[in-house]
Amino acid sequence: MSHKGPYNAYVSAVGHYFPDKVIPNSYYESYLDTTDEWIKTRTGISERRFLEPNQPTSFMAIRAAQMVLEKRGISAEELDAIIITTVTPDMFYPATAVIVADAIGAKNAFGFDLSAACSGFIFGLATAIQFVQCGTYKKVLIIGADKMSCLADMSDRNNCVLFGDGAAAFLLEPTEDKTIGIIDQILHVDGSGKDSLYQLGGGSLNPPTHETVDKKMHYIYQEGKTVFKAAVKGMADISAEMMEKHNLKPEDVAYLVPHQANMRIIQATADRMGVGLDKVMININKYGNTTSATIPSCVSEYYYDGKIKKGDNLILTSFGAGYTWGSILLKWAI
Ligand code: ACO
């Protein structure tokens, strides 16, 4: 990053929440022309979690936020801002961040939602960092939360097996130690990807009608192969660029934290960086693609499993609809 304010932003606490309901691959075998073997070998997914139909995204975001506050030992009133990254807000408005702020009692915080599909958390984190680095705000909560079960067409085997529901959060705080915390970010969009991965219905282009519902325009549409190729290139290139920019060798990287869309994309990214899978955070096998929640939930689970040490270099890397892609280098500080 060319400019920094007086502080570095560091992650001072993490949290995550997944619904209790487990959906194993065998569930899809029961009514679709698919197999547990196909799903595992082509995607790396064994099971995912689903919310109940009447539970919104905020249900998970609230619980992830509460875990962060409890672990940090602070009250919600100490939060200055809440950013939620999601493609499945409770409603178009008010923002889910406002709903969460009210539910947890964050009376002194402002907040908003940010949409960048599977790169949501990376773009949101990059945004949150700015508030903290310049010294304007001292406690910024960033939550990645998505209820993908409400966007996946459960009759389409190309689509429904990939996604799950989840939420996870980071608390960012300032430090005067410029050697720790978030060190750098690289972000990209390429709108030529808009034709390969989208949800056509529900926005101002195609407001909901009987016709949009009949034509299944409110579900995720994805040209899997096209997106797959773009994701492999985008994630591998940007992760390698981050390493080169900071003269990091594979042994200097404690963990690659990739967006969890497909185990084969993750493997290709790790190969390009020259790091073994033992240095890659993975939870796609348990949760599928939870869009905004994949990266922070990996970090939170690995942290509470005692697998991240103070001073570790983490490279967080995402790729998603848009196309959007990005990478953040951080030195773990807690
Ligand atoms: N079970 C059995 N067969 C299946 C299934 C399934 N669940 N799904 C697809 N198939 C079939 C296809 O119909 C196809 O059959 P055909 O050859 O008779 O037409 C065959 O398997 C092979 O299909 P491919 O598309 O070649 O399969 P591929 O190996 O590419 O895997 C997948 C598909 C998993 C979707 C992969 O392309 C992928 O992961 N793409 C990228 C996903 C991604 O990164 N998305 C971005 C993030 S998502 C976001 O931002 C919201």
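The values are calculated or read from the model by the stated rules, or taken from the named source; none is laboratory data. Since the model is a prediction, treat every value here as computed from it, not as a measurement. Note: ideal-geometry Cβ built from the backbone for every residue, glycine included; neighbour counts use all protein chains shown. SASA here: full protein model, heavy atoms, side chains in, ligands and nucleic acids out. Shrake-Rupley method; radii C 1.70, N 1.55, O 1.52, S 1.80 Å.
Here are a few things to note about the model shown:
- Amide hydrogen neighbours beyond the local backbone of residue 312, cut-off 5 Å, H modeled: 332
- The HN-Hα couplings worked out from phi for the range 260-269 by the Karplus form 6.51 cos²θ - 1.76 cosθ + 1.60 (θ = phi - 60°) are 9, 10, 6, 4, 6, 5, 4, 4, 5, 5 Hz, whole numbers, x standing for Gly and Pro.
- Across the accessible surface of the chain, with the other protein chains kept in place and a 1.4 Å probe, carbon and sulfur atoms take up 52 percent.
- Proximal charge balance of residue 332 [Cβ under 9 Å; K/R count +1, D/E count -1]: +2
- Compactness of the range 182-331 as Cα Rg over 2.2 N^0.38 Å, two decimals: 1.15
- Loop-resident trypsin sites (Lys or Arg not before Pro) (DSSP state other than H, G, I, E or B) in the range 283-334 with no more than 10 further Cβ atoms inside 10 Å of their Cβ: 309, 310.
- Debye log10 I(q)/I(0) at q = 0.09, 0.17, 0.23 Å⁻¹ for the range 74-197, Cα point scatterers: -0.30, -0.93, -1.36
- In order along the range 148-154, the Karplus-derived 3J(HN,Hα) couplings, from 6.51 cos²θ - 1.76 cosθ + 1.60 at θ = phi - 60°, round to 6, 4, 8, 10, 8, 6, 6 Hz, and Gly and Pro are given as x.
- Probe 1.4 Å, all protein chains present, accessible-area order of 162, 256, largest first: 162, 256
- Taking 175, 127, 57 and ordering them by how much accessible surface each has at a 1.4 Å probe, largest first, produces 127, 175, 57.
- Among beta bridges from DSSP that stay inside the range 182-331, the antiparallel ones total about 75%.
- Restraint check, 279/310; 249/331; 147/307; 71/138, Cα-Cα greater than 22 Å: 147/307
- For the residues 36, 146, 165, a GNM of the chain with alpha-carbon springs under 10 Å puts the largest fluctuation on 36.
- Taking amide H as placed 1.01 Å from N in the peptide plane, residue 23 has its amide H under 5 Å from the amide H of 48, 49, 50, each at least 5 places away in sequence or on another chain.
- Just so you know, the Rg over Rh for the chain is 0.95, from Cα atoms, with Rh as the Kirkwood radius.
- Take every DSSP beta bridge whose two residues both sit in the range 8-179; close to 70 percent of them are antiparallel.
- Computed about the Cα centre, the dipole magnitude for the chain is approximately 460 debye when only Lys and Arg (+1) and Asp and Glu (-1) carry charge, each at its Cβ.
- Phi angles across the range 88-95 convert, under the Karplus curve 6.51 cos²θ - 1.76 cosθ + 1.60 with θ = phi - 60°, into 3J(HN,Hα) values of 10, x, 4, 8, 4, 8, x, 4 Hz, Gly and Pro given as x.
- Computed FRET value (nearest 0.05) for residue 77 with residue 157, which takes r as the C-beta separation and R₀ as 56 Å: 0.75
- DSSP assigns beta bridges within the chain; of those with both partners inside it, close to 70 percent run antiparallel.
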